[in-house]
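In what follows, a single structure is set out as structure tokens and then discussed.
The values are calculated or read from the model by the stated rules, or taken from the named source; none is laboratory data. This structure is a prediction, so every number in the text was calculated from the model and none was measured. As a convention, Cβ positions derive from the backbone with ideal geometry for all residues, glycine included, and neighbour counts pool all protein chains shown.
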Amino acid sequence: MVEVGGNSKPPVCKLLNFGKIKYEQKKKAHQSKKKQHVIKIKEIRVRPSIGENDLMTKVNQGRKFLLEGNKLKVTIMFRGRELSRVDLGMDVLERIVEMLEDISEIEKQTDLEGRRMNVVLSQK
């Protein structure tokens with residue numbers, strides 16, 4: 001028994017199959033979830049002393065992630081004495097952004113956070 005009109009006098013009640021109502025609510029929730037689009041963040045990690053061919057491989061991988069509709073997080077990792085030459089890491093990061101600027105735009109630029117430097121790119 002389910003109360004339909006609780007504010008009226010006398011209150012109106014109805015006999016219903018509670019299992020059926022529960023099933024319909026579950027089905028409606030599943031349908032609304034199906035239409036949602038979840039944006040994933042994919043990450044590529046590079047070092048400041050990365051070689052040219054390795055950099056091209058990482059950029060191509062990042063391009064594939066962006067074309068799939070994901071966001072791309074590019075992380076430069078510094079180890080040991082590399083931390084004293086942050087400008088080399090910035091150069092690598094700028095090169096990556098420049099290579100991907102035809103299909104992406106910078107969403108979030110960050111400075112040095114500990115031993116990492118990040119930039120988040122999203123599809124144009």
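Across segment 98-109, what is the total count of residues that are over 11 Å from K73 (Cα atoms) and not in a loop (DSSP other than H, G, I, E, B)? Lay out the reasoning, then the answer.
Taking segment 98-109 as the starting set, the residues that turn out to be over 11 Å from K73 (Cα atoms) are 98-105.
Then drop every residue that is not not in a loop (DSSP other than H, G, I, E, B), which leaves 98-99, 104-105.
Selection size over segment 98-109: 4.
Which of (1) modelled with pLDDT under 95; (2) among the hydroxyl-bearing types (S, T, Y); (3) part of a helix (DSSP H, G or I) is the odd one out, the single condition S122 does not satisfy?
(3)
Can you find a residue that is of a type outside the set (K, R), in a helix (DSSP H, G or I) and closer than 17 Å to K58 by Cα anywhere in segment 73-89? Give the derivation first.
Going residue by residue through segment 73-89, those that are of a type outside the set (K, R) are 74-78, 80, 82-84, 86-89.
Then drop every residue that is not in a helix (DSSP H, G or I), which leaves 80, 82-84, 86-89.
Now narrow it down to the ones that are closer than 17 Å to K58 by Cα: 89.
Yes: one or more hits.
Quick check: anything in segment 52-65 more than 24 Å from the chain's Cα centre (by Cα), within 23 Å of G114 (Cα to Cα) and loosely packed, with under 12 Cβ neighbours inside 10 Å?
no
Looking at I106, I96, I76, which one is surrounded by 12 or more Cβ atoms within 10 Å (Cβ to Cβ) and free of Cβ contacts under 8 Å to residues at least 24 places away in the same chain?
On the way: I96 fails: free of Cβ contacts under 8 Å to residues at least 24 places away in the same chain; I76 fails: free of Cβ contacts under 8 Å to residues at least 24 places away in the same chain.
Result: I106 is the single residue among I106, I96, I76 that is surrounded by 12 or more Cβ atoms within 10 Å (Cβ to Cβ) and free of Cβ contacts under 8 Å to residues at least 24 places away in the same chain.
So, in segment 79-93, exactly how many residues are within 20 Å of E52 (Cα to Cα) and either surrounded by 16 or more Cβ atoms within 10 Å (Cβ to Cβ) or out of contact with any strand residue (DSSP E or B) (no Cβ under 8 Å at 6 or more places or on another chain) (or both)?
9
Considering only segment 36-57, state which residues are more than 20 Å from Q123 (Cα to Cα), among the charged types (D, E, K, R) and either not in a loop (DSSP other than H, G, I, E, B) or not assigned by TED's automatic domain parsing to the domain that holds R95 (or both).
Within segment 36-57, E52, D54 qualify.
Name the residues in segment 110-119 that are at negative phi and not in a strand (DSSP E or B), would you?
Step one: filter segment 110-119 for residues at negative phi, giving 110-113, 115-119.
Listed by number, the list holds a single entry, R115.
Of everything in segment 28-43 that's surrounded by 10 or more Cβ atoms within 10 Å (Cβ to Cβ) and more than 20 Å from the chain's Cα centre (by Cα), which residue is farthest from G62 (Cα to Cα)?
That would be K28.
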